[in-house]
Amino acid sequence: MNFLTNSILFRRISIFISLVIVSLILWNTYIFFQKFKEDERIKMEILADAQKEIASNTDLNASVSLPLKIIESNTNIPMILVDNKGEFITSQNLDSTKVLNPKYIKKILAKMKSENTPIEVSISGNNKQYIYYSDSDLLNRLTYYPLALVLILILFLSVVYLFYSSNKAAETNRLWTGMAKETAHQIGTPLSSLLGWVSILKMEKVDETYIDEIEKDVHRLNTIANRFSKIGSVPELKKENIVTVTKQAFDYLESRSSKQISFLFLTTDDEIYTNINTELFGWVIENLIKNAIDAMLGKGELILNLESTSKKIKITVSDTGKGMSKKLFKQIFKPGFTTKKRGWGLGLSLSKRIVEDYHKGKIFVQKSELEKGTTFEILLNKI
């Protein structure tokens, strides 16, 4: 128990530390981004001063090499210089051909206005110019860095979640397996006692009809115990006549169901062979028939059709019950999913595992229509 508690605590601390580290990286990136943006602003303000010095200089013999050098040093920040009427004067780090198009200039100016406040260049009197600029390519790329970190964080948390979910699912499976085997063990004791009572009834010369029915139910309990004992272990498959196995499960439930349900068993052949575990496969057929009976609320028509091709065996179980919507076709095979008021929603989940994992077949909803009925289909390999 202490190990389990420590394990859970370690997981939580690991996740918390990871979140803290990523959060710190994101915060540091944000600070760096703001500092970088501020540096670019200062750079453009210096460029504006250089532009002002050149535009204000009336001495033709004065040296303007330093201001020109400052302006030419801008090799990565796109900018546009306009007059106080908004007319284009010059640009830097933009396509020299595209800037000749007024529509392009208008579009770029709108983008620059949304990114940064323009810098005013006062020359003389009311003569003013304005510098509009965009963020540099490096700064633009930096904006995606936090998003990449967030995606990495989401990916990391998803992997952690899937890892611990799979562990939890494995633990749950082990729990169910243990419970199933313990159930089989517990059933064994009263089952032995019942067999003894059946022997006594035979000696007492009780009506054979009653004894036969009791023996059938005792045999049924023995079958259930064997089924539960096989959960969690790989069952042994043998060559069997699937028609016989299916008919036995069909007949057992028909004799114990409402007489208002019409049962019909159809088969193309009396002998169709495949490798199956008779106890587990009989469980699948019983689950499908029970679901059909429940769906019809004790009244309707149930048809089990068994046919074979050169390579496959096809079994369908059809009812005239309430049906289901298409979105439930896959959900009904998930553990715990049920539309009934009672039950744990394990019947179809176990059936799917028995058919697909143990017998390498397929089980699915062939068709269903609300208030008209449902047809389940099983496909197995023929030998």
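Place the peptides 280-292, 67-79 in order of packing, highest mean first, counting for every residue the other Cβ atoms within 10 Å and averaging per peptide.
The peptides rank, most packed first, as 280-292, 67-79.
Compute the acute angle (0 to 90°) between the alpha-carbon long axis of helix 242-255 and the principal axis of greatest extent of the alpha-carbon atoms of the chain; round to the nearest 10°.
In the chain, helix 242-255 runs at an angle near 80 degrees to the longest axis.
Rounded to the nearest whole Å³, what is the per residue volume of the convex hull around the Cα atoms of the range 275-369?
Spread over its residues, the Cα hull of the range 275-369 gives 108 Å³ apiece.
Can you give the calculated 222 nm mean residue ellipticity of the chain, where each DSSP H run of n ≥ 4 adds -39,500 (n - 2.57) and the sum is split over every residue, rounded to the nearest 500 deg cm²/dmol?
-19000 deg cm²/dmol
What is the calculated FRET efficiency for Gln366 to Asp207, with r their C-beta to C-beta distance and R₀ = 35 Å, to the nearest 0.05?
Values: r = 44 Å, r/R0 = 1.25.
So, using R0 = 35 Å, E works out to roughly 0.20.
By accessible area of protein heavy atoms, probe 1.4 Å, what ranking do Asp270, Asp294, Asp137 get, highest first?
On the way: Asp270 125, Asp294 75, Asp137 100 Å².
Output order, biggest surface exposure first: Asp270, Asp137, Asp294.
How far is helix 2-56 tilted off the main Cα axis of the chain, in degrees rounded to 10, range 0 to 90?
The answer is roughly 20 degrees.
For the range 80-126, give the magnitude of the charge dipole about the Cα centre (Cβ charges: +1 Lys/Arg, -1 Asp/Glu; no others), in debye to the nearest 20.
280 debye
Defining a contact as two alpha carbons under 8 Å apart and six or more residues distant in sequence, what relative contact order in percent does the chain show?
Relative contact order here is 10 percent.
Given a 10 angstrom Cα cut-off, can you work out which residue in Thr320, Thr309, Thr97 is the most mobile in a GNM of the chain?
Thr97
Quick one: which residues, 5 or more positions from Ile261 or on another chain, have an amide H under 5 Å from its amide H? H modelled 1.01 Å from N in the peptide plane, none for Pro or chain starts.
Gly300
Considering only the other residues whose Cβ falls under 12 Å of the Cβ of Glu271, what net charge follows from Lys and Arg at +1 and Asp and Glu at -1?
Result for the neighbourhood of Glu271: 0.
May I ask for the percentage of alpha-carbon pairs in the chain that lie more than 31 Å from each other?
I get 63 percent for the Cα pairs in the chain exceeding 31 Å.
When only the heavy atoms of the protein chains count and the probe is 1.4 Å, how do Glu208, Glu356 rank by accessible area, highest first?
The residues order as Glu208, Glu356, largest area first.
Against the longest alpha carbon principal axis of the chain, how many degrees, from 0 to 90 and to the nearest 10, is the axis of helix 208-230 turned?
Rounded to the nearest ten degrees, it is 30.
State the dimensionless ratio Rg/Rh of the range 49-151 (Rg: radius of gyration of Cα atoms; Rh: Kirkwood radius). Show your work: numbers first, answer last.
Numbers: Rg = 16.1 Å, Rh = 15.3 Å.
Radius of gyration relative to Kirkwood radius: 1.05.
Write out the GluC sites (Glu not before Pro) in the range 218-254 meeting two conditions: DSSP loop, and at most 15 other Cβ atoms within 10 Å of their Cβ.
Glu236
Local charge sum around Ile46 (other residues, Cβ-Cβ under 12 Å, Lys/Arg +1, Asp/Glu -1)?
-1
The values are calculated or read from the model by the stated rules, or taken from the named source; none is laboratory data. This one's a predicted model, so the numbers in the text were calculated from it and none came from an experiment. Positions of Cβ are backbone-derived with ideal geometry, glycine not excepted, and every protein chain shown enters the neighbour counts. What goes into the accessible areas is simple: the full protein's heavy atoms, side chains included, and nothing from ligands, DNA or RNA. Shrake-Rupley method; radii C 1.70, N 1.55, O 1.52, S 1.80 Å.
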